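Student: Before I ask anything, here is the structure I am working with.
The values are calculated or read from the model by the stated rules, or taken from the named source; none is laboratory data. Since this is a predicted model, take the numbers as computed values, not measurements. Every residue, glycine among them, receives a Cβ derived from its backbone with ideal geometry; neighbour counts consider all protein chains shown.
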Amino acid sequence: MSLILEAVLPLFALILAGYLAGRRQLLGKTATDVLNSFVVWMALPALLFQAMAQISWDELRQPGFIAASAIAMAVVFLMSFLADRKEKRRLADASIASLASAYGNAGYMGIPLCIMVLGEASLPAVILITLLTACVLFAFSIILVELDLQRSATLGTTLRKVGVSVARNPLVCAPVAGLVVSGLGWTLPSSVVQFTTLLGAAASPCALVTIGLFLSQGSTTRHRGTVWRIVSLKLLVHPLLAFVLVTWVFDVPPMWASAAILLAALPVGTGPFMVAKLYDREPAVTSEATLLSTVLSVLTVSVLVGML
């Protein structure tokens, strides 16, 4: 329990700091939008670029782990997506809710948890999950959102608008640029690494403060069922799927298998809220799901850590 509290309490503290600042209007009325724009356009792209540019493919050659984690994410995403579409929710809203259902807080909560529970050897597993969620899952969800919001009379025009919007999106082009750097075998200069490290380190804390600012505005959602579905899929279904896949479907080394299950059980990360706020697509749903899943993860992840 103490391990979980050490990882979760800083998240609560940052959300609370944002909430109190919002209630007292310390940062002004536009703080939520400005801080969200900073995360989306500067801090998070720097983090994603550095992660992709410095990736070592030899260290991360774990096909069973990658397949199990990717399939678990995809199934959870699909389950949430089909449920939302059955309720006649727009494609953009269903995409963001599904992103939240499969998007764990690997960067901010996963790293300390895995190191404390499984040791330093588990860090490559966290990096892989971060890349899968923040790059592949993120990019796919943004494409679906753009497909919905860029509708036009002809398919060709729609595809062109979607392509331009996605190419200009910093959350897509930044990791792609990093992948190019890694693929070419280039080494980032120390000054660039220092720059992206400093800027990227602001992504998670600023995102959590932004959630607190948003919650202080008293914004609530009518879609309580969607919030609980996101939380249930993230905290219960996702780790259960990961357990089945790493135990009975794929050949995964014990430490990597434990990491896959633990990372799948993490609460909703801040990324989906950033996207919802950027596109103004019901951010109350993702902010409440993030807060609620983080609270409940104290219990669910504690039980899982005891089992591991």
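Student: Looking only at segment 179-227, how many residues end up being surrounded by 20 or more Cβ atoms within 10 Å (Cβ to Cβ) and in contact with a Cys (Cβ under 9 Å, 6 or more places away or on another chain)?
Tutor: Adding up the residues that qualify gives 0.
Student: Ok, one more. In this structure, does L213 turn out to be more than 13 Å from A46 (Cα to Cα), in contact with a helix residue (DSSP H, G or I) (Cβ under 7 Å, 6 or more places away or on another chain), at pLDDT below 85 and not charged (D, E, K, R)?
Tutor: Details: more than 13 Å from A46 (Cα to Cα): yes; in contact with a helix residue (DSSP H, G or I) (Cβ under 7 Å, 6 or more places away or on another chain): yes; at pLDDT below 85: no; not charged (D, E, K, R): yes.
No: the conditions fail for L213.
Student: Among the numbered criteria (1) part of a helix (DSSP H, G or I); (2) among the β-branched types (V, I, T); (3) surrounded by 17 or more Cβ atoms within 10 Å (Cβ to Cβ), which single criterion is violated by I55?
Tutor: (1)
Student: Take the conditions aromatic (F, W, Y), out of contact with any Pro (no Cβ under 8 Å at 6 or more places or on another chain), at pLDDT below 85 and assigned to a helix (DSSP H, G or I) and apply them to F81. Does it pass?
Tutor: Working: aromatic (F, W, Y): yes; out of contact with any Pro (no Cβ under 8 Å at 6 or more places or on another chain): yes; at pLDDT below 85: no; assigned to a helix (DSSP H, G or I): yes.
No: the conditions fail for F81.
Student: Moving on. Looking only at segment 266-289, count every residue that is surrounded by fewer than 24 Cβ atoms within 10 Å (Cβ to Cβ) and within 15 Å of V231 (Cα to Cα) and tell me the total.
Tutor: Number satisfying all stated conditions: 1.
Student: If you go through segment 84-96 one residue at a time, how many are touching a Ser or Thr at 6+ places or on another chain (Cβ under 9 Å) and in a helix (DSSP H, G or I)? Outline the logic, then answer.
Tutor: So in segment 84-96, the residues touching a Ser or Thr at 6+ places or on another chain (Cβ under 9 Å) come out as 84, 87, 89, 93-96.
Add one more test, that the residue is in a helix (DSSP H, G or I), and what stays is 84, 93-96.
Result for segment 84-96: 5.
Student: Identify the residue in segment 290-302 that is hydrophobic (A, V, I, L, M, F, W, C) and under 16 Å from the mean Cα position of the chain (by Cα) and, among all such residues, is nearest to T226 (Cα to Cα).
Tutor: L292
Student: Turning to a different aspect of this structure: Which fully enclosed helices (runs of 4 or more DSSP H) of segment 218-308 have 2 or more residues being small (G, A, S) and closer than 22 Å to V126 by Cα?
Tutor: On the way: elements: 224-232, 238-244, 254-264, 271-279, 283-307.
Qualifying helices (runs of 4 or more DSSP H): 254-264, 283-307.
Residue by residue, here is whether (1) at pLDDT 90 or above; (2) surrounded by fewer than 20 Cβ atoms within 10 Å (Cβ to Cβ); (3) part of a helix (DSSP H, G or I) holds:
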| site | (1), (2), (3) |
| --- | --- |
| R61 | no, yes, no |
| I71 | yes, yes, yes |
| S98 | yes, no, yes |
| G110 | no, no, yes |
| V117 | no, yes, yes |
| V145 | no, no, yes |
| R151 | no, yes, no |
